[in-house]
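Since the structure comes first, as structure tokens, the remarks are kept for the end.
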Amino acid sequence: SWPYPRFLGTIDIDTAVVTRRSADLSVRPASITFDLNGNLYASTGPSGNGSNTLYLVDKDTGTLSVVMSPLPSNIGNSNSGSALGFNWDNGYLYHAYGYGRNIDVIDLLTYTYVDTFQVTPNPSNSPIGSMLYLGGDQFYGDSWGEVLRFDISGNGESLGYMNDISAKGMAFPMVKRLDTIGDLAPLETATITITAQILDTAQPNDILTN
């Protein structure tokens, strides 16, 4: 957090020990997210070095590679905030910015904008500071302590307010699958195959007892 530098690190979820993966970064990422291929992206807000930029992050070294700059499709509206959320249903990256709760939709295959919209209503004229994809084209977001839910058309609703705090990040706990393939995301479905062995077969007029 300001004025301290930022670095990439990993957290041991059993011990809470943080391991540095990079030296202090020359820019101040405001948000990070993964895509389904495990690529890590970071965005910066409208101030400081490397502002208004989308970066691809090397997970081992923390090296930042510019993939889109300037980041908002309408740079004039980039006056506060920068939050990323990946929609695993359509494969697009969503970037929230500005007091108008603007959202850009980004194709990560071409690094181009495919859509832009605003989340409404927005009576407090406040930016979305963090966001999280729920599945089913629904996001959660935080806007200066107001918890929001909105869809990919910008239809939003307020779920209430946190007490004098705002969220810099949002995450779901992952649900383990029954096999070793990986994790099951919230609202994601999986097919479970059950194998059974037939021990005997009943014949006509057989009497079944316990």
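Things to note:
- Test for Thr120: is it surrounded by fewer than 17 Cβ atoms within 10 Å (Cβ to Cβ), in contact with a Lys or Arg (Cβ under 8 Å, 6 or more places away or on another chain) and under 21 Å from Asn74 (Cβ atoms): yes
- Annotation: Asp164 fulfils all but one of (1) in a strand (DSSP E or B); (2) of a type in the set (D, E, K, R); (3) surrounded by fewer than 16 Cβ atoms within 10 Å (Cβ to Cβ); the unmet one is (1).
- Spans of strands (runs of 3 or more DSSP E) in segment 1-115 with at least 1 residues in contact with a strand residue (DSSP E or B) (Cβ under 6 Å, 6 or more places away or on another chain), in contact (Cβ under 8 Å) with a residue 12 or more places away in the chain and open to solvent by less than 70 Å² (accessible area, probe 1.4 Å): 9-11, 29-34, 40-44, 54-57, 64-68, 83-87, 92-97, 102-107
The values are calculated or read from the model by the stated rules, or taken from the named source; none is laboratory data. Every value quoted in this text rests on a predicted model; they were computed, and no experiment measured them. No Cβ is skipped: glycine too gets one built from the backbone with ideal geometry, and neighbour counts run over all protein chains shown. Protein only, heavy atoms only, side chains kept; ligands, DNA and RNA dropped before computing areas. Shrake-Rupley method; radii C 1.70, N 1.55, O 1.52, S 1.80 Å.
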